[in-house]
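Notes to accompany the following structure.
The values are calculated or read from the model by the stated rules, or taken from the named source; none is laboratory data. Owing to the predicted nature of the structure, the values given are computational and were not obtained by experimental measurement. Here Cβ is always computed from backbone atoms with ideal geometry, including for glycine, and neighbour counts include all displayed protein chains. The area values use the complete protein model at the heavy-atom level, side chains included, leaving out ligands, DNA and RNA. Shrake-Rupley method; radii C 1.70, N 1.55, O 1.52, S 1.80 Å.
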Amino acid sequence: MAAPKKRKRYDNIGYLFVLPAFLFFAAFVLVPAVLTFRLAFYDWDLLSPNMEFVGFDNFVKLFRDEQFTTVLGNTAYFTVITVLAKVGLGVLLANFVATRVKGKVGQFIMESSLFMPIVIPMSVVVLVFNKMYDTEFGILNGILRLVGIDPVGWLSDPDVVLNSIIVVDIFKGIGFFFLISLVAIRNVPKAYFEAAEIDGASKPRQFWSITLPQIGGTIVFLFITAFISSFQIFDPIYIMINGMFGDTKITISYMLWQQAFFYRDVGYASVVSIVIFLIVMAMTLLQFLLPKVLVEGDAYEA
Amino acid sequence: MKRKVLHYAGRTVVVLVCIVICTLMLFPLYYMLMSSFKTMEEYMQAVPTFFPHAFSFKGYSAIFEKIDVFGGFFGNSIYVSVLVPILQTAVCLPAAYALARLRFRFRNLIFVLFLSSMMIPGQLTIIQNYNTIAKLGLLNNVNSLVLLGIFSPLCLYLMKQFFSTLPRELEEAGKIDGCNALQNFLYVVAPLSAPIIAVNLILCFNGVWGDFFTPMIMLKTQRSMTLPVGLTVIMGALRTQDPTVLMAALTMTCIPVLIVFFVFRNKLIAGIAVTGIKM
């Protein structure tokens, strides 16, 4: 394809290597995604053999849906707080453990306790928090009662519930961000810190001027993965509050599930899923490209 | 003298911060474990206790009395959590290698397509996948989870990152010795991929063990459920109102993953270090 005289060598066996993965990708991701996008133009109830072509009706319905604004607001709130907390606290804690915690035992305890929630299934974490949040028998209100504060409806008060779920998500997710940053920080060459030490740079200054730029690529990866998972948060919301608030749509992927499997309005649900896809894609590209524009150092590797 | 005082003050602050973090992170698990040994009366009392007055094994005995229920969930979970990581690695490893090292047309397009599937929400594809699985007659069958779990963009991405860090000289040496691309992959590259294979097996085991959404849609009968969905109905399945039974079941669910985690902890950390996860 390139220079006409120098024929490029192709490893056609590569197709064979990729084929099995591609078949599964096509069968369970690509084709279903395309078919679902098509469903956005139809009215279908998930069961009946006929579906009716309705053009852009479902899109119009979404833009007229006032609850959709609430849902977007809730999702944005949830995403911003959990992403900043998971990545920010994850990196800070990793730096804390790497630079301040001395001794193998101390590091082992810190690493293990921060990482443990990651390996525990989300549904277990959610069910435990469910019991802790219980208005009557939960330990949180029990402690509040001990110190004489009125019990809080952690999961029943519509103003509190989203924050309660944010806590669960941060608790469950922070270990991953902590561990990846910890490994990255430990990979930074020791000589940089020794040189900074000789120059009299303080620990915070070293973090700001050496650690952060050195692990920039890792942080971008963490932001993107945090965003993708937070924006599509579903499991804790489903297990904790399924059906409790009637029609209150909490976050966008819960709304999608509700429309598809509860109201069986598949066309409308497909429009919601297109919106999710577009937002996630736009934000991912932005987070991927922005640092490349801002940082032009050789420490940053693509 | 003053410097010494400052030094000890600093160490104390560090230790205090550590204690606070550990308490926050471990408390829910401690609460789960302790509650599983409480009696229902103690669990329900208005003033909470942080340690059971008398150890009660009622929660656990209620599970073992009808072990077929919990054991069924457990068996299904073990089955998928062992099978999916192995098949996923077998399918993704050659693909990732080809995408990292072999030259063929549409290579980058295929990789971008694979990666962009990370951005496709699972709730989007599930409607069509439900139909496909139904047509294959695999509804209420754990094998549906196996089929849906084999392709993983994250796994492909991590493996590709790993392969691009390997020196090219390896394959060139293989070529001089007369290896073709397939032999190079099988005899030269694959044996060197042990760290990334280990990372993927652990991460995937953990992911499948905890997966909730797909089993919730695909598995409606109690016999076919895996633990994460089974746990949400276990109180009903055991015909009990006792929350300590749930706590016992949750504790028992954590044991296999915690064992895997503590046994393979160093392999996991070393593997992540080798992969150098970044964009």
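Summary table
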read-out	value
Qualifying residue in region B:227-247 (condition: among the charged types (D, E, K, R) and at pLDDT 85 or above)	yes
Residue within region B:175-182 that is touching an Asp or Glu at 6+ places or on another chain (Cβ under 9 Å), closer than 28 Å to A:THR225 by Cβ, more than 7 Å from chain A (Cβ to nearest Cβ) and not charged (D, E, K, R) present	no
Those residues of region A:259-284 which are surrounded by 12 or more Cβ atoms within 10 Å (Cβ to Cβ), modelled with pLDDT of 85 or more and under 28 Å from A:LEU212 (Cα atoms), in sequence order	A:ILE279, A:VAL280, A:MET281, A:MET283
Subset tally (residues that are more than 28 Å from the chain's Cα centre (by Cα) and open to solvent by less than 70 Å² (accessible area, probe 1.4 Å)) for region A:30-87	9
All positions within region B:227-260 that are within 22 Å of B:VAL80 (Cα to Cα) and touching a Leu at 6+ places or on another chain (Cβ under 8 Å)	B:VAL229, B:LEU231, B:THR232, B:ILE234, B:ALA249, B:LEU250, B:THR251, B:THR253, B:CYS254
Failed condition for B:LEU113, given (1) facing chain A (nearest Cβ under 9 Å); (2) in contact (Cβ under 8 Å) with a residue 40 or more places away in the chain; (3) of a type outside the set (Phe, Trp, Tyr); (4) open to solvent by 50 Å² or more (accessible area, probe 1.4 Å)	(2)
Selected residue (only one of A:LEU222, A:LEU256 is crowded, with 22+ Cβ neighbours inside 10 Å, at pLDDT 85 or above and within 8 Å of chain B (Cβ to nearest Cβ))	A:LEU256
Unmet requirement for B:ALA194, which otherwise passes all of (1) within 12 Å of chain A (Cβ to nearest Cβ); (2) closer than 24 Å to A:GLY14 by Cβ; (3) surrounded by fewer than 16 Cβ atoms within 10 Å (Cβ to Cβ)	(1)
Per-region count, region B:85-109, residues touching an Asp or Glu at 6+ places or on another chain (Cβ under 9 Å) and in a helix (DSSP H, G or I)	2
Count of region A:62-112 residues which are under 14 Å from A:MET255 (Cβ atoms) and touching an Asp or Glu at 6+ places or on another chain (Cβ under 9 Å)	3
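So that you can scan it fast, the table gives a plain yes or no per residue for (1) at the interface with chain B (Cβ under 7 Å from one of its Cβ atoms); (2) in a helix (DSSP H, G or I):
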| position | (1), (2) |
| --- | --- |
| A:VAL101 | yes, no |
| A:VAL105 | no, yes |
| A:SER112 | no, yes |
| A:PRO117 | yes, yes |
| A:VAL126 | no, yes |
| A:PHE129 | yes, yes |
